[in-house]
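Asks: The structure under discussion is supplied below as structure tokens; questions concerning it will follow.
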Amino acid sequence: MKTKGVTQWDENYPNSSVIKKDIQQKILWLYGEKEQACVTVEVKENTVDIHRLVVNSLYKEQGLAKLILQDILDWASINKQIEQVKITTNHTNQGMLKLLLAKEFVPIRSFKIKGRANYGSFIELSRKL
């Protein structure tokens with residue numbers, strides 16, 4: 001991410017305690033035999049919230065993020081109570097923004113995160129099911 005100028009994360013976030021909490025809450029999905037990717041998927045009422053979609057740099061540009069997003073969309077669409085899927089990304093993460101728009105996500109709002117203002121704007125996107 002650093003080499004592409006994406007300022008979404010740094011050495012302090014996400015950290016091991018965040019990931020451990022995701023594991024304890026059983027909301028972390030792992031992909032690949034050697035954990036090539038992971039994503040945190042939370043259900044809140046009628047919404048699926050996607051957090052921390054991470055693909056190991058060794059597997060970038062191989063369509064893994066696209067597969068993960070489609071997997072989540074397919075999983076969510078089976079549940080009749082789920083009405084939408086949401087995700088937030090940084091304005092500098094053009095690759096993710098392009099993928100989300102291709103998957104028919106729509107930008108809802110742009111905002112700054114408290115304590116992370118130096119990372120610029122974050123964009124929340126949503127897709128209705």
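Asks: Mind putting together the pair-distance distribution for the chain? All Cα pairs, 10 Å bins, whole percent per bin, short to long.
Replies: Values per bin, smallest distances first: 12, 43, 40, 6, 0.
Asks: While we're on this one: When only alpha-carbon atoms count, how far does the stretch 8-50 stretch along each of its three principal axes, as whole angstroms with the largest first?
Replies: Largest first, the stretch 8-50 extends 32, 26, 21 Å along its Cα principal axes.
Asks: How much of the DSSP bridge set in the stretch 9-88 is antiparallel, in percent, rounded to the nearest 5?
Replies: Taking every DSSP beta bridge with both residues in the stretch 9-88, the antiparallel ones total about 75 percent.
Asks: A further question follows. Taking only protein heavy atoms into account and a 1.4 Å probe, give the accessible area per residue of the stretch 40-112 in Å².
Replies: Normalised by residue count, the accessible surface of the stretch 40-112 is 60 Å².
Asks: Using a 1.4 angstrom probe on the protein heavy atoms only, line up LYS112, LYS103, LYS26, LYS44 by accessible area, largest first.
Replies: Of LYS112, LYS103, LYS26, LYS44, the descending order of accessible area is LYS26, LYS112, LYS44, LYS103.
Asks: While we're on this one: Roughly how far apart, in whole Å, are the Cα centres of the stretch 93-113 and the stretch 114-129?
Replies: First find each Cα centre; the distance between them is then 8 Å.
Asks: If you add up the charges near GLU104, with Lys and Arg at +1 and Asp and Glu at -1, over every other residue whose beta carbon is less than 10 angstrom from its beta carbon, what do you get?
Replies: Here the charged neighbours net out to +3.
Asks: State the answer as a single residue: which of LEU129, THR88, VAL39 lies farthest towards the positive end of the charge dipole of the chain, with beta carbon charges of +1 for Lys and Arg and -1 for Asp and Glu, about the Cα centre.
Replies: It is THR88, whose Cα lies furthest towards the positive end.
Asks: Work out the length of the dipole vector of the stretch 1-102 about its Cα centre, built from +1 on the beta-carbon of each Lys and Arg and -1 on the beta-carbon of each Asp and Glu, and round it to the nearest 20 debye.
Replies: With only Lys, Arg, Asp and Glu charged at Cβ, the dipole is about 160 debye.
Asks: Could you work out [θ]222 nm for the chain from helices alone, using -39500 (n - 2.57) per DSSP H run of at least four and dividing by all its residues? Round to the nearest 500 deg cm²/dmol.
Replies: Dividing the helical sum by the residues of the chain leaves -7500 deg cm²/dmol.
The values are calculated or read from the model by the stated rules, or taken from the named source; none is laboratory data. Computed from a predicted structure; not experimentally measured. Counting neighbours? That spans all protein chains shown, and the Cβs are built from the backbone with ideal geometry, glycine included. Keep in mind that these areas ignore ligands, DNA and RNA; they rest on the heavy atoms of the full protein, side chains included. Shrake-Rupley method; radii C 1.70, N 1.55, O 1.52, S 1.80 Å.
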